[in-house]
2 protein chains.
Amino acid sequence: MKRFLVVGHRASTTGDFSINDLPGGAGRMDVLCRCINSCFFLSHDLRRDVECYLILKGEPNPPKTVLIRGSEIRYLNPDERSAGSLLKKALALPCGEIFRESTKGVYVRKGGLDRILSEYQFTILDENGANLREMDTVPKNLILSDHMNFTEEEEELLKDLKRISVGPKILHADHTITVILNEMDRR
Amino acid sequence: MKRFLVVGHRASTTGDFSINDLPGGAGRMDVLCRCINSCFFLSHDLRRDVECYLILKGEPNPPKTVLIRGSEIRYLNPDERSAGSLLKKALALPCGEIFRESTKGVYVRKGGLDRILSEYQFTILDENGANLREMDTVPKNLILSDHMNFTEEEEELLKDLKRISVGPKILHADHTITVILNEMDRR
């Protein structure tokens with residue numbers, strides 16, 4: 001299994017945002033929607049061996065974690081609104097400590113970065129990390145940030161993890177996922 | 001200059017579509033919007049050395065060509081609606097044979113694939129093409145199709161052009177652009 005985790009620093013933790021305003025009212029939810037697209041879409045196919053974890057840290061109920069499983073997902077189209085609509089349904093669902101399914105293949109629970117770091121071993125995408133192409137094996141579990149840098153508190157949690165870089169220019173999170181999956185495809 | 005040309009087989013050639021329905025009423029305009037995003041966005045920067053050409057072949061006035069210049073573009077945000085809004089303005093503008101500017105860095109004219117092929121030498125993205133990573137130099141002008149294959153008529157126009165592939169799995173056009181730009185960044 002390949003796992004991509006994206007931290008949405010201002011992403012809404014309620015379902016009452018408008019899918020016509022994903023960048024604004026939903027706290028740059030558009031970034032997370034594009035990451036979902038990058039995780040799963042192939043031409044006329046889906047990447048069934050990918051799980052996408054989104055840590056949402058915006059108001060009013062942070063943090064929440066949304067999990068999307070490529071092996072189970074339905075009703076997902078490539079456009080941002082489609083992913084946004086599934087996230088809206090997930091975030092509208094009352095949730096507790098255990099993942100609860102909102103629509104087929106989409107799950108939500110309370111909890112943030114510290115919890116998921118205790119569950120899986122992750123590698124961080126970082127412009128100063130080791131060159132992806134020069135690694136003997138591509139790490140399977142990867143953490144990215146949205147349009148903002150990791151906070152000091154997050155960096156403290158992440159400080160002992162390995163770091164890799166996808167190239168000389170700093171890319172958006174969704175583009176980074178695309179480049180990594182292409183590297184995995186080639187191995 | 002790097003040039004990406006994407007053929008939108010059903011993409012609207014009028015500005016009267018809704019940016020709330022880019023996949024449906026606008027003829028999979030969402031695909032073209034994501035290609036614009038992939039062409040230009042870096043983290044907190046834009047790729048000024050890229051030009052994006054979109055050939056729109058949907059009703060009611062096909063074909064039209066939209067050109068977006070990274071060196072000049074303004075008012076472009078990463079979300080699909082932002083690119084969709086600029087395309088809507090371009091397509092609402094009456095246009096002739098010469099590129100006419102609709103908003104800063106966005107131009108529109110009549111004409112399709114045959115015309116642009118007479119202006120630049122292009123290479124085609126094709127799953128059976130030569131491996132991108134094994135090429136001595138990455139071609140600078142590249143043609144992609146949207147969610148549909150090239151038509152027989154288009155293939156006839158393209159039949160003498162070189163073909164390259166980005167990897168073992170067939171990717172969406174926007175993901176393909178991201179992978180190619182990453183390869184260019186690394187050279």
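Bear in mind that the values in this text are calculations on the coordinates, not laboratory data. Keep in mind it's a predicted model, so treat the numbers as computed, not measured. Cβ sites come from the backbone with ideal geometry, for glycine too, and all protein chains shown count toward neighbours.
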### Query
Considering only the other residues whose Cβ falls under 14 Å of the Cβ of B:Pro63, what net charge follows from Lys and Arg at +1 and Asp and Glu at -1?
0
### Summary
So, relative contact order of chain A in percent, Cα under 8 Å, 6 or more apart, is 25
### Message
If the only charges are +1 at each Lys and Arg Cβ and -1 at each Asp and Glu Cβ, what is the size of the charge dipole of chain A around the Cα centre, to the nearest 20 debye?
### Response
580
### Other-copy label distances relative to A:Met148, 7 angstrom Cα-Cβ extension, nm
4.3
### Task
Quick one: dipole size for the protein assembly as shown, taken about the Cα centre, charges +1 on Lys/Arg Cβ and -1 on Asp/Glu Cβ, in debye to the nearest 20.
260
### Net charge, B:Arg163 excluded, C-beta distance under 14 Å - Lys, Arg +1, Asp, Glu -1
-4
### Task
Quick one: give the max-minus-min coordinate of the C-alpha atoms of region A:6-97 along each principal axis, largest first, in Å.
36, 30, 19
## Note on the structure
Footprinting proxy, A:His172, B:His147, B:His9, B:His175: sorted fewest to most Cβ within 10 Å, the residues are B:His147, B:His9, A:His172, B:His175
### Summary
Per the rule of 0.36 nm per residue minus the C-alpha distance, extending A:Ser118 to A:Lys89 adds in nm 7.8 nm
## Note on the structure
The exposure ranking of A:Tyr53, A:Tyr120, fewest beta-carbon neighbours within 10 Å first, is A:Tyr120, A:Tyr53
### Query
How big is the C-alpha Rg of chain A next to the rule-of-thumb value 2.2 N^0.38 Å, as a ratio?
0.96
### Message
Here is the link list: B:Lys57/B:Lys104; A:Lys88/B:Lys57; A:Lys64/A:Lys104; A:Lys57/A:Lys104; A:Lys57/A:Lys162. Which ones come out longer than 28 Å on Cα distance?
### Response
A:Lys88/B:Lys57
### Task
Taking the Cβ of each residue in B:Arg69, B:Arg34, B:Arg163 as the centre, tally the other Cβ atoms inside 10 Å and list the residues starting with the fewest.
B:Arg163, B:Arg69, B:Arg34
### Query
How far is A:Asp160 from itself in the other copies, in nm, if each label sits 7 Å out from Cα along the Cα-Cβ line, shortest first?
6.4
### Message
If the elastic network links every pair of Cα atoms under 10 Å, which of B:Leu87, B:Leu76, B:Leu117 fluctuates the most in the Gaussian network model of chain B?
### Response
B:Leu117
### Alpha-carbon radius of gyration plus Dmax, which is the widest Cα pair, for the protein assembly as shown in Å
20.3, 61
### Message
Net charge around A:Leu46, counting only other residues with Cβ within less than 12 Å of its Cβ (Lys, Arg = +1; Asp, Glu = -1)?
### Response
+2
### Query
Over all residues in A:16-22, what is the mean tally of Cβ atoms on other chains that come within 10 Å of each residue's Cβ?
1
### Task
Can you tell me the relative contact order of region B:11-114? Whole percent, Cα pairs under 8 Å, sequence separation 6 or more.
29
## Note on the structure
chain B: antiparallel bridges as % of DSSP beta bridges, rounded to 5, reads 45
### Summary
Expressed in angstrom and rounded, the centroid-to-centroid distance over alpha carbons for region A:37-74 and region B:53-117 is 32
### Straight-distance crosslink candidates among aspartates and glutamates, where the alpha carbon sits under 16 Å from B:Lys2 and sequence neighbours closer than 8 are dropped
B:Asp49, B:Glu51, B:Glu72, B:Glu119, B:Asp174, B:Glu183, B:Asp185
### Message
Over the Cα atoms of region A:106-161, what radius of gyration and what Dmax do you get, in Å?
### Response
12.6, 37
